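Participant: Input: one structure, supplied below.
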Ligand code: 13P
């Protein structure tokens, strides 16, 4: 019922020239796929090139962030209408790297989600605990605070059509992937929480992606879990063949 979404977050990698080459290689490697959605999120400066290269492929395009206002004196920022105009359908919001290095708060995440929805961009809202929070038993509280902070004030329909990404901070870029059971446990808890915040329909239709060291050799077991609806892939999305294999997960 929930179409799997395989999303590549390129982070701060790829010039426009490199973006064109990577997308060409990805299109060649992907071949046919159905009953799944594929998305890439290159840096802002490569979005226009990416949109041209993706034309006719069905692959979706996302910004890695957006500002909460639609325009204004915010030097260095990118607004929702700019993402829409360049061909984006989605925006990643609240990635742990933005929370960790750029002071992103739950309040700002909530404002950015509103900005995305206002501009008809599907928000991909990232949540996840640090190793310290997990080991000190705060994981559930942290995730609940992040999910409520992000989505708590939204109507059920908006929640149902949004995408969440559970990315344990200790698994990002470390090669240390959460086990399928660990990930499933958190995904199920998030879905139950969505049922409380919104309603059962919204909880059942909201897609929850797993992110953190997803690779060709672990995607199948992760995707076999009932509440894992896709993957938000960092490093492996920069290798066309690896990302193509991830898109073609078997479970
Ligand atoms: P890695 O796949 O490189 O661990 O990154 C995950 C991530 O942060 C995706 O948003």
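Every number here is computed from the coordinates shown, using simple stated rules; none is lab data. The model shown is predicted, which means the values in this text are computed figures rather than measured ones. Don't worry about glycine lacking a Cβ; one is built from the backbone with ideal geometry, like all the others, and counts go over all protein chains shown.
Participant: Is the shape of region 161-251 best called rounded, prolate or oblate, per the rule: a/c under 1.5 gives rounded, else a/b larger than b/c gives prolate, else oblate, with a ≥ b ≥ c the square roots of the Cα gyration tensor eigenvalues?
Facilitator: In terms of gyration-tensor shape, prolate.
Participant: Rounded to the nearest Å, what's the spacing between the alpha carbon centres of region 62-138 and region 149-194? Just the number, please.
Facilitator: 15 Å
Participant: Taking 0.36 nm per intervening residue step and subtracting the Cα-Cα distance, what contour gain separates residue 241 from residue 45 on full extension?
Facilitator: Full extension from residue 241 to residue 45 adds 68.2 nm.
Participant: Shifting gears a bit: Can you give the extra length, in nm with one decimal, that the chain gains between residue 114 and residue 85 once fully stretched, where that is 0.36 nm per residue apart less the Cα-Cα distance?
Facilitator: That works out to 8.7 nm of additional length.
Participant: Related question: So what's the gap between the Cα centers of region 196-251 and region 1-35, to the nearest angstrom?
Facilitator: Centre-to-centre distance over Cα atoms comes out at 14 Å.
Participant: Still on this model: Length gain on complete extension for the stretch residue 105 to residue 24, per 0.36 nm per residue less the alpha carbon to alpha carbon distance?
Facilitator: Result for the pair: 25.5 nm of gain on full extension.
Participant: Further question: Starting from the Cα of residue 174, move 7 Å in the Cα-to-Cβ direction to define the label point; list residues of region 212-242 whose amide nitrogen is under 18 Å from there.
Facilitator: 212-215, 218, 232-236
Participant: Based on the inverse mean of 1/r over its pairs of different Cα atoms, what is the Kirkwood hydrodynamic radius of the chain, in Å?
Facilitator: 17.9 Å
Participant: Separate question: Any idea what % of Cα-Cα pairs in region 104-224 are farther than 24 Å?
Facilitator: Looking at region 104-224, the distances longer than 24 Å represent 25 percent of pairs.
Participant: Still on this structure, I have one more. Is the shape of region 48-178 rounded, prolate or oblate, going by the alpha carbon gyration tensor and its root eigenvalues a ≥ b ≥ c, with a/c under 1.5 for rounded and a/b larger than b/c for prolate?
Facilitator: Cα axes put region 48-178 in the prolate bin.
Participant: So for the pair residue 188, residue 12, with labels modelled 7 Å out along Cα→Cβ, what separation do we get in nm?
Facilitator: It works out to 3.9 nm between the two label points.
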